[in-house]
Amino acid sequence: MVFASKGGADTNPDWYYNLRAHPDVKVEVGDDTIEAHAEEVTGAERDKIYAQQSSIMPQFAQYAQKTKRIIPVIALTPKTKK
């Protein structure tokens, strides 16, 4: 999961629009590079995930309080190798 918080700014970060336009991505995790597909999580599922993130990292609750927008949550799902 990635969170388009932009520190609670009233606009989404530019990378959010890039992911929406080009959802097939490569993600570096340690020394590994993983191909993944990005998809925005919405509704109750998004709210649950954002609440979990806020409980782990309280600054995310502060970001949400600073802005009128709903901070997007993006799921990065690894692609299976064929």
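The values are calculated or read from the model by the stated rules, or taken from the named source; none is laboratory data. Note that the structure is a prediction, hence the values are computed from the model and not measured. With ideal geometry, Cβ positions are generated from the backbone for all residues, glycine too; neighbour counts draw on all protein chains shown. These area figures cover heavy atoms from the full protein model, side chains too; ligands, DNA and RNA do not enter into them. Shrake-Rupley method; radii C 1.70, N 1.55, O 1.52, S 1.80 Å.
How high is the relative contact order of the chain? Use alpha-carbon pairs under 8 Å, at least six apart in sequence, and give a whole percent. Contact order relative to length: 44 percent. Placing a label point 7 Å from the Cα of N12 along the Cα-to-Cβ direction, the residues of the range 22-55 with a backbone N closer than 20 Å are 22-27, 36-51, 53-54. Going Cα to Cα from K6, which aspartates and glutamates come in below 17 Å? Please leave out same-chain ones fewer than 8 positions away. Output for K6: D14, E40. Entry note, the chain: the mean residue ellipticity at 222 nm calculated from DSSP H runs of n ≥ 4, each adding -39500 (n - 2.57), is -10500 deg cm²/dmol after division by the residues and rounding to the nearest 500. The slack between T33 and M1, meaning 0.36 nm per residue of separation minus the straight C-alpha distance, is 9.9 nm. A Cβ-based charge dipole, computed about the Cα centre of the chain with Lys and Arg at +1 and Asp and Glu at -1, lands at about 220 debye. Measuring with a 1.4 angstrom probe and ignoring ligands and nucleic acids, I56 comes out at about 130 Å² accessible. Mind checking the log10 I(q)/I(0) for the chain at q = 0.13, 0.14, 0.15 Å⁻¹? Debye, one equal scatterer per Cα, no solvent, two decimals. Listed by q, the Debye log ratios stand at -0.44, -0.51, -0.58.
Fully extending the segment from T42 to K66, taken as 0.36 nm per residue of separation minus the present Cα-Cα distance, adds 6.7 nm. Across the protein chains, with a 1.4 Å probe defining accessible surface, the residues L19, L76 rank L76, L19 from largest area downward.
Charging the Cβ of each Asp and Glu at -1 and of each Lys and Arg at +1, and nothing else, the dipole of the range 1-49 about its Cα centre rounds to 220 debye. Mind checking which lysines have their Cα closer than 18 Å to the Cα of K79? Skip sequence neighbours fewer than 8 apart in that chain. Cross-link targets: K26. Projecting each Cα onto the charge dipole of the chain (Lys/Arg +1, Asp/Glu -1 at the beta carbon, about the Cα centre), which of G43, T77, A21 comes out farthest on the positive side? So the residue furthest toward the plus end is G43.
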